[in-house]
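Novice: Mind having a look at this structure? Questions to follow.
The values are calculated or read from the model by the stated rules, or taken from the named source; none is laboratory data. These figures come from a predicted structure and were not determined experimentally.
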Amino acid sequence: MGKERLKRILIIVCVAGLTVWGVNAFAKWRETKKVAGESIKLPTEVVAEKVEELGEQVLGKAVEILPGSEKIKEKEKVVENQTTKTEAQTAKTTEILERQTKEIIEILKQLPQEELKQIKRQVFKDFCEEVLKE
């Protein structure tokens with residue numbers, strides 16, 4: 001009984017020692033990076049871009065699933081034909097996209113609860129699959 005207790009205490013002390021050593025090593029590494037002037041932040045911009053791309057893909061799939069998606073696809077084609085490189089037309093495109101988003105939301109609001117739940121599950125499933133691919 002005494003040996004078991006001693007073993008447990010020894011294991012706990014070893015784990016604590018390793019943890020303290022790991023934290024010290026990490027702190028020293030961060031300090032050397034700061035002194036060298038290197039950035040130690042996570043690449044948040046890259047992550048944000050990936051999430052935006054993933055969101056666009058999921059929204060595209062949601063448009064395909066929704067009843068009445070043909071109207072939205074027709075409006076998308078109109079938007080694609082009208083898009084040019086000028087700032088004024090870019091603003092118009094943004095307004096059209098906002099309008100399309102509102103229309104999608106309105107269509108979702110009008111759906112029965114059961115269909116809405118199924119669409120949510122499908123969108124979540126698609127989102128998770130895309131995240132796992134990345």
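Novice: Which residues, taken from the range 108-119, are part of a helix (DSSP H, G or I) and at pLDDT 80 or above? Break it down stepwise before answering.
Specialist: Applying the first criterion (part of a helix (DSSP H, G or I)) to the range 108-119 yields 108-110, 113-119.
Within the range 108-119, Gln110, Gln113, Glu114, Glu115, Lys117, Gln118, Ile119 qualify.
Novice: Filter the range 98-122 for residues that are farther than 17 Å from Val58 by Cα and polar (S, T, N, Q) and give the result.
Specialist: Selection gives Gln110, Gln113.
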